[in-house]
Amino acid sequence: MDVEIGLRVDGEPHRLVVDTRTTLLDAMRERLGITSPKKGCDHGQCGACTVLLDGRRATTCLALAVAHDGAEIVTAAGLADGERLHPIQQALLDHDGLQCGYCTPGQVCSAVGMLAEAEAGWPSHVTADLSGAVELTDEEIAERMSGNLCRCGAYANIVAAIREAVR
Amino acid sequence: MIPFDYQRAEDTRSAVATVTARPGAAFLGAGTNLVDHLKLGVAAPDLLVDVSHLPFDMIEPLAGGGVRIGATVRNSDLAVDPVIRQRYPMVSAALLSGASGQLRNVATTAGNLMQRTRCPYFQDVTTPCNKRRPGSGCSALEGYHRDHAILGASRHCVAVHPSDLAVALTALGAVVQVEGVKGARSIPIIDLYRLPDDAPQHDTVLEHGELITAVDLPALPMATRSTYRKVRDRASYAFALVSVAAAVDVERGTVRDVRVALGGVAHKPWRARRAEEALRGAPATDDAFRAAAEAELAGARPLRDNAFKVPMARNTIVATLRELTRREEP
Ligand SMILES: Cc1cc2nc3c(=O)[nH]c(=O)nc-3n(C[C@H](O)[C@H](O)[C@H](O)COP(=O)(O)OP(=O)(O)OC[C@H]3O[C@@H](n4cnc5c(N)ncnc54)[C@H](O)[C@@H]3O)c2cc1C
Ligand code: SF4
Ligand code: FES
Ligand code: FES
């Protein structure tokens, strides 16, 4: 079954007809040529396909495109302000928070979403007092970023980059 | 993936009527489990009725002091809700221990409760599995079953229920609100889930087309001192080998009341009633906690490769109760 949907990606409106089986990730990558979100596992396990979906970080490989008609999406490519990188992107470069770079767009979107969550006072699994204040220690950063795998093992530098960007 | 139709549900009544009338139809939440199953061929619905936009996205007080959680409340929003964090910390803790931030941001309450087992054979359509294809056999019985059940299993299926949230809700004695073509019904969560017996294809007692609209938490003041402890192979982002949701009410060193439920050990979240009974009126000591855990686990029937779960469950019960009682009496 084909359905017409609208998506706004990085500020650009798009209208497209998708088969109901199309995921949001495939709609972006295969139909709109937006290749910043990556396909790692295609099963929700690696975080490479993470974007900001209606303002919150979300994986897109298990989301059906038809279910997100009208969605507002920001990818890592849309976070930079022209040539000026987003502070998270700059920090990842400064700290060698990547090797092959395949997981990086997902890491970037996840980090940006994660910082907003922490800002809003959301606790994590490692927060001792669920109702207390949130301090982004390395342990907190690692836990909150655990949905983003890095096959190159750049984890230590990713945590360092985010720690730096928080300051 | 076989082709399917998609409808965004307009209202509860039509969603329920549509799915009930069509044997191949299924409700869709955020899709984080169902879309995975579409890809794997585990599920092949011919129509998805998207209920994720129905107006059940509220967390509201109930007359009588309880709290109603709407079926479409997202896992993160539930976990961070101030009332839930303060009055039912085990619910927040259970959710925060599951999946990842970006999955919790979309996953719905009802979808979480209705997610299906992570048994690798269930997810692999090339292997026999009674839950996926009734009568085909259980590959896990003699195969890979390290993650599987130690309580309440049958020779037809030894899978465990994967939801962390459901374990906390079982400890609390939550009630699931369901809407069907014949009207609404309330199902205590303990009765929602089934043991496998000879029909492991049914995870729950819901009939095809019955829609979860809300989950009600009882007032339960002692739940303000509750927690969820999850033991897993990795520090994060993994399903439970064993988990414990517990709440304790201790007065002058004696357990007045207690709630304990176990995850990762059975086809359903396991309410540890024997342990609870043993603990009521007992001293809040490690010895009493251990004895209660052992009473519960006396019925354990581990498989070849998962006997480790019995002492692990015992130790986790003890550690969880110790943490709660130490916290209560500084
Ligand atoms: C990589 C990964 C790791 C995970 N780790 C964990 C973990 O550690 N702990 C944990 O608990 N979970 C974990 N999960 C599972 C996750 O919590 C579930 O996938 C999610 O909660 C399902 O919610 P959903 O809204 O996406 O449901 P969907 O996938 O949309 O639906 C799931 C099922 O619920 C049914 N359904 C949906 N809404 C209703 C309704 N209102 N009434 C009746 N039936 C309904 C659907 O028909 C379907 O059968 C993990 C998932 C992934 C992908
Ligand atoms: S344990 Fe259950 S789900 Fe796993 S193979 Fe056996 S029947 Fe299937
Ligand atoms: S591609 Fe989406 S999580 Fe791996
Ligand atoms: S940089 Fe290569 S996967 Fe992360």
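The residues of region B:19-47 occluded by other protein chains by 40 Å² or more of accessible area, set against the chain on its own, are B:V35, B:D36, B:K39; surface from heavy atoms, 1.4 Å probe. Computed per residue of chain A from DSSP H runs no shorter than four, each worth -39500 (n - 2.57), the mean residue ellipticity at 222 nm is -7500 deg cm²/dmol.
Work out which residues of region A:113-127 lose at minimum 40 square angstrom of accessible surface when the other protein chains are put back, relative to the chain isolated, with a 1.4 angstrom probe, and list them by number. Listed in order, they are A:W122, A:P123, A:H125. Among B:P162, B:P302, B:P82, the residue with the largest mean-square fluctuation in a Gaussian network model of chain B, with springs joining Cα atoms closer than 10 Å, is B:P82. Surface analysis of region A:87-166 yields an accessible area of 45 Å² per residue, using protein heavy atoms and a 1.4 Å probe. When the convex hull of its Cα atoms is viewed from all sides, region A:78-165 shows a mean projected area of 5.6 nm².
Counting only alpha carbon atoms, the long axis of helix B:286-297 and the longest principal axis of chain B meet at about 40°. Within chain B, the longest segment free of exposed loop sites, counting GluC sites (Glu not before Pro) that fall outside DSSP classes H, G, I, E and B and have at most 15 other Cβ atoms within 10 Å, spans B:11-141. At an R0 of 51 angstrom, the distance between the Cβ atoms of B:E207 and A:R84 translates into a FRET efficiency of 0.35. Note on B:A63 and B:T224: with the Förster distance fixed at 35 Å, the Cβ-Cβ geometry gives a FRET efficiency of about 0.95. Among the GluC sites (Glu not before Pro) within region A:36-127, those in coil by DSSP and having at most 12 neighbouring Cβ atoms inside 10 Å are A:E83. FRET efficiency for the pair B:R22 and B:R280, taken as 1/(1 + (r/R0)^6) with r the Cβ-Cβ distance and R0 = 56 Å, rounds to 0.70. Put simply, the C-alpha atoms of chain B give a gyration tensor, and the ellipsoid matching it has half-axes of 32, 25, 16 Å, longest first. Within the accessible surface of the protein assembly as shown, defined with a 1.4 Å probe on protein heavy atoms only, the carbon and sulfur portion equals 50 percent.
Give me the accessible area per residue for region B:225-328, probe 1.4 Å, as a whole number in Å².
42
Interface burial in region B:61-98, defined as at least 40 Å² less accessible area with all protein chains than with the chain alone at a 1.4 Å probe, covers B:V80, B:R85, B:L96. Note on region B:179-330: Rg/Rh from C-alpha atoms, Kirkwood Rh, equals 1.01. Helix A:155-166 and the longest principal axis of the Cα set of chain A meet at an angle near 80°. In this assembly, the A-B interface accounts for approximately 3000 Å² of buried accessible surface in total, computed with a 1.4 Å probe and without ligands, DNA or RNA. Which net charge results for the neighbourhood of B:N33, defined as the other residues with beta-carbon distances under 12 angstrom from its beta-carbon, given Lys and Arg at +1 and Asp and Glu at -1? Value of the local net charge: +1. Quick check: the angle from helix A:104-119's long axis to the longest principal axis of chain A, C-alpha only, nearest 10 degrees? The angle comes out at about 60 degrees. Placing B:K182, B:K39, B:K309 in order of accessible area, with the largest value first and a 1.4 Å probe, yields B:K182, B:K39, B:K309. B:A15: net charge of surrounding residues, Cβ under 13 Å, Lys/Arg +1, Asp/Glu -1, itself excluded? Neighbour charge sum, excluding B:A15 itself: -2.
Taking every residue in A:52-61 and counting other chain Cβ atoms within 10 Å of its Cβ, the average works out to 5. All other residues whose Cβ lies under 11 angstrom from that of B:F239 are scored, Lys and Arg at +1 and Asp and Glu at -1, for a net of +1.
The values are calculated or read from the model by the stated rules, or taken from the named source; none is laboratory data. These figures come from a predicted structure and were not determined experimentally. Glycine also receives a Cβ, built like all others from the backbone with ideal geometry; neighbour counts cover every protein chain displayed. These area figures cover heavy atoms from the full protein model, side chains too; ligands, DNA and RNA do not enter into them. Shrake-Rupley method; radii C 1.70, N 1.55, O 1.52, S 1.80 Å.
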